[in-house]
Amino acid sequence: AAELRGAGKWVLFEESMSKLRDQRLQLDIDLRTAVKREEFEVFYQSRVHLDTGAICGFEALVRWNHPTRGQVSPLEFIPIAEESGIIHDIGLWVLERACEQTQLWRKQYNLAEDFEVSVNLSPQQCKEPNLVSSVTEILQRTGLPASSLNLELTESLLMEDIDQAKAVLHALKRLGIGLKIDDFGTGYSCLKYLCQFPFDSLKIDRSFTKELDQDSVEIEEIVRTIVQMAGNLKMEVVAEGVENAAHVSRLRELGCKYGQGFLFSRPVNAAAAERMLGPKRGQEKHRIGGPTIEA
Ligand code: C2E
Ligand code: MG
Ligand code: MG
Ligand code: MG
């Protein structure tokens with residue numbers, strides 16, 4: 001009987017494995033039409049100055065409104081898109097959308113001089129020979145100054161072909177685009193190589209921020225060290241996953257200047273993001289007597 005039960009479990013396991021494979025395959029197929037059918041949407045999450053709470057930029061995060069499955073997480077479909085190569089189309093679509101939208105906001109609102117939109121760039125996209133010219137064209141078409149664009153890359157995959165990735169990143173840097181290391185502290189990359197890339201900022205991974213309100217001396221020392229190292233390398237530091245006031249005060253004590261997280265805002269659609277930007281140019285007077293939104 002025990003053997004039978006074991007065999008039954010095995011069959012169930014096999015069934016669920018093949019179900020997973022089928023789902024993945026189906027998502028892969030659906031992804032190919034999703035671009036044409038405009039099923040993607042760009043959401044925006046604010047990045048703020050931890051000292052003042054003022055918004056200094058947005059991170060663009062793609063959302064997929066699947067016709068039958070509803071919203072599918074990028075954590076689920078980006079890896080599939082990377083594997084099949086469709087990430088190139090999706091990535092450029094997100095980039096163009098985010099640049100176009102940000103340029104419109106720059107015209108409509110009094111944004112800070114250094115206001116930036118950050119777009120995630122899959123390291124896979126660095127392997128596309130036309131990446132730099134595609135990015136150049138998008139900046140020209142949308143009119144967004146290169147200095148208002150930032151690209152976020154995770155460290156790990158960059159190390160697969162260091163020379164090629166270096167060449168691409170230096171070319172993007174020459175255009176005037178800012179470059180960020182995303183999820184810093186979770187990869188396995190060699191600091192010595194990482195320093196050869198022209199990054200100008202880094203994002204401390206959410207897993208560090210999360211432990212800052214738990215009196216973990218070790219985590220605090222790691223964060224302090226990252227902030228100091230970044231400062232010595234003339235890099236800005238953004239903390240990911242800021243969820244409460246304790247995170248903010250610890251991060252400020254540790255010298256971290258910028259933060260991003262649910263405490264300030266979840267990623268939201270463009271209409272909701274816009275409401276965080278304050279009054280439109282020429283409409284400032286309507287604020288008198290109304291609620292003030294400054295922190
Ligand atoms: P990421 O670039 O590290 O983005 C941050 C993720 O953390 C986002 O998840 C965001 O919603 C979430 N997050 C932000 N603040 C908090 C917080 O306070 N607490 C918690 N628990 N989570 C927070 P999301 O939007 O699901 O994106 C997941 C990942 O998918 C991104 O991680 C990025 O690697 C990838 N991704 C998203 N959009 C794109 C894209 O357009 N292109 C590429 N290549 N990758 C993308
Ligand atoms: Mg990111
Ligand atoms: Mg990140
Ligand atoms: Mg992260």
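The values are calculated or read from the model by the stated rules, or taken from the named source; none is laboratory data. These figures come from a predicted structure and were not determined experimentally. A quick note on method: Cβ atoms are made from the backbone with ideal geometry, for glycine too, and the neighbour counts reach across all protein chains shown. Heavy atoms of the whole protein, side chains included, go into the accessibility calculation; ligands, DNA and RNA do not. Shrake-Rupley method; radii C 1.70, N 1.55, O 1.52, S 1.80 Å.
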Residue count for the range 96-140, restricted to those that are without any contact (Cβ under 8 Å) to a residue 60 or more places away in the chain, of a type in the set (A, V, I, L, M, F, W, C) and open to solvent by 10 Å² or more (accessible area, probe 1.4 Å):
5
Residues of the range 77-96 classified as of a type outside the set (A, V, I, L, M), over 24 Å from residue 137 (Cα atoms) and more than 16 Å from ligand 3 (Cβ to nearest atom), total:
3
Condition broken by residue 8, with the remaining ones in (1) more than 13 Å from ligand 1 (Cβ to nearest atom); (2) open to solvent by less than 50 Å² (accessible area, probe 1.4 Å); (3) in contact (Cβ under 8 Å) with a residue 24 or more places away in the chain satisfied:
(3)
Any idea which residue in the range 180-208 is nearest to ligand 1 (Cβ to nearest atom), counting only those that are open to solvent by 60 Å² or more (accessible area, probe 1.4 Å) and assigned to a helix (DSSP H, G or I)?
206
Single unsatisfied condition, residue 278 versus (1) small (Gly, Ala, Ser); (2) under 15 Å from residue 53 (Cα atoms); (3) within 16 Å of ligand 1 (Cβ to nearest atom)
(3)
Take the range 46-74 and flag every residue that is open to solvent by less than 30 Å² (accessible area, probe 1.4 Å), in contact with a Lys or Arg (Cβ under 7 Å, 6 or more places away or on another chain) and away from ligand 2 (no atom under 16 Å from the Cβ).
50
Determine the pairs where a residue that is under 23 Å from residue 224 (Cα atoms), located within the range 172-193, has a partner that is assigned to a strand (DSSP E or B) and acidic (Asp, Glu) with Cβ atoms under 6 Å apart, the partner being 6 or more residues away or on another chain.
180/152; 182/152
Considering only the range 200-209, state which residues are within 16 Å of ligand 4 (Cβ to nearest atom) and within 19 Å of residue 178 (Cα to Cα).
201, 202, 203, 204, 205
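Matching residues to (1) under 16 Å from residue 56 (Cα atoms); (2) within 16 Å of ligand 2 (Cβ to nearest atom):
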residue	(1), (2)
198	no, no
208	no, yes
214	no, no
223	no, no
237	yes, yes
252	no, no
258	yes, yes
263	yes, no
Take the range 155-167 and flag every residue that is in a helix (DSSP H, G or I) and either at positive phi or surrounded by 22 or more Cβ atoms within 10 Å (Cβ to Cβ) (or both).
158
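So which of 240, 253, 218, 236 is closer than 22 Å to residue 155 by Cβ, away from ligand 4 (no atom under 15 Å from the Cβ) and at pLDDT 95 or above? Even if it seems obvious, please write down each step before you answer.
Working: 240 fails: away from ligand 4 (no atom under 15 Å from the Cβ); 253 fails: closer than 22 Å to residue 155 by Cβ; 218 fails: at pLDDT 95 or above.
Being closer than 22 Å to residue 155 by Cβ, away from ligand 4 (no atom under 15 Å from the Cβ) and at pLDDT 95 or above holds for just one of 240, 253, 218, 236, which is 236.
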Does at least one position in the range 23-37 carry a residue that is more than 16 Å from ligand 1 (Cβ to nearest atom) and either part of a strand (DSSP E or B) or under 30 Å from residue 250 (Cβ atoms) (or both)?
no
Take the residues in the range 117-172 that are touching a Leu at 6+ places or on another chain (Cβ under 6 Å) and of a type in the set (S, T, N, Q), then tell me which one is farthest from ligand 2 (Cβ to nearest atom).
134
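Let's see how each residue does on (1) within 23 Å of the chain's Cα centre (by Cα); (2) open to solvent by 20 Å² or more (accessible area, probe 1.4 Å); (3) farther than 17 Å from residue 182 by Cβ; (4) among the basic types (Lys, Arg):
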| position | (1), (2), (3), (4) |
| --- | --- |
| 211 | yes, yes, yes, no |
| 214 | no, yes, yes, no |
| 221 | no, yes, yes, no |
| 226 | yes, no, no, no |
| 230 | yes, no, no, no |
| 233 | yes, yes, no, no |
| 236 | yes, yes, no, no |
| 239 | yes, no, no, no |
| 247 | yes, no, yes, no |
Filtering the range 38-57 for residues that are away from ligand 3 (no atom under 16 Å from the Cβ), in a strand (DSSP E or B) and more than 18 Å from residue 109 (Cβ to Cβ) leaves a count of 2
